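Chemist: Structure below; questions to follow.
The values are calculated or read from the model by the stated rules, or taken from the named source; none is laboratory data. Predicted model, so just to flag it, every value in this text is computed and none were measured. Here Cβ is always computed from backbone atoms with ideal geometry, including for glycine, and neighbour counts include all displayed protein chains.
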Amino acid sequence: MRAARTRWLLLLAGALAGCTPLSARQAQRRESGAPVARGPDAQPTVRVEDLVDDAHSLPDSQRAIVESALAALHASSRFVDCSGFVQQVFRSAGLALPRTVHEQWRRGEPVEAQALRPGDLVFFAFNRRSADHVGIYAGRGHVVHVSSAASGVQLAPLESAAFAGAWVGARRVLQRAGSPRT
């Protein structure tokens, strides 16, 4: 009873201060460095032009991946699914990646959410406990991905409710110099 009262008071104090209280799962995710949804008003907005400008300072392979992913925005999804899109973007930069989310998850090195660099692969679990969705980190807290053939290629904030709640992890498949990592 006392714990419930304390929790209620903390929630009320947070609400009065203008803070959105985090659920226990969100608090745990924040401590682990995973993105945490902060509500629609707190989602960062970014201009695609700014991401393209940022890409100019990246190593060649990394820049090619980000620019290719951003160039595909709002295109119909001829890539069929998320992992096909990622594979095609990397292929356009002259780099080979396997076809499925699970195979892509096994490539490269794990990356903490706070250490993401443009071109890193970001993974989510929407329907399973393991990764079942992949996108390409574009910078400034955003991911380029394909959620369905109908919606095409999209840019979305990692802190959106859907992504933050489904975060599995990230992998770096490019070394600092932009060469592929296996």
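Chemist: Would you say ASP54 is surrounded by fewer than 20 Cβ atoms within 10 Å (Cβ to Cβ), touching a residue at least 12 places away in the same chain (Cβ under 8 Å) and not hydrophobic (A, V, I, L, M, F, W, C)?
Modeler: Yes; evaluated as a whole, the condition is true for this residue.
Chemist: Another one. Does the stretch 126-137 include one or more residues that are surrounded by fewer than 21 Cβ atoms within 10 Å (Cβ to Cβ), β-branched (Val, Ile, Thr) and not in a helix (DSSP H, G or I)?
Modeler: No, the stretch 126-137 has no match at all.
Chemist: Name, by its number, the condition in (1) aliphatic (A, V, I, L, M); (2) closer than 20 Å to ALA75 by Cβ; (3) part of a helix (DSSP H, G or I) that does not hold for ALA162.
Modeler: (2)
Chemist: All but one of (1) in contact (Cβ under 8 Å) with a residue 24 or more places away in the chain; (2) within 21 Å of LEU58 (Cβ to Cβ); (3) surrounded by 19 or more Cβ atoms within 10 Å (Cβ to Cβ) hold for GLN87, so report the exception by its number.
Modeler: Looking at each condition in turn, GLN87 falls short on (1).
Chemist: Where residues in the stretch 138-168 are touching a Pro at 6+ places or on another chain (Cβ under 9 Å) and either among the aliphatic types (A, V, I, L, M) or not assigned by TED's automatic domain parsing to the domain that holds HIS56 (or both), which of them is surrounded by the most Cβ atoms within 10 Å (Cβ to Cβ)?
Modeler: ALA138
Chemist: Which residue is modelled with the highest pLDDT, if the candidates are limited to the stretch 46-81 and must be more than 17 Å from PRO118 (Cα to Cα) and not hydroxyl-bearing (Ser, Thr, Tyr)?
Modeler: Looking at the filtered set, the residue picked out is ASP81.
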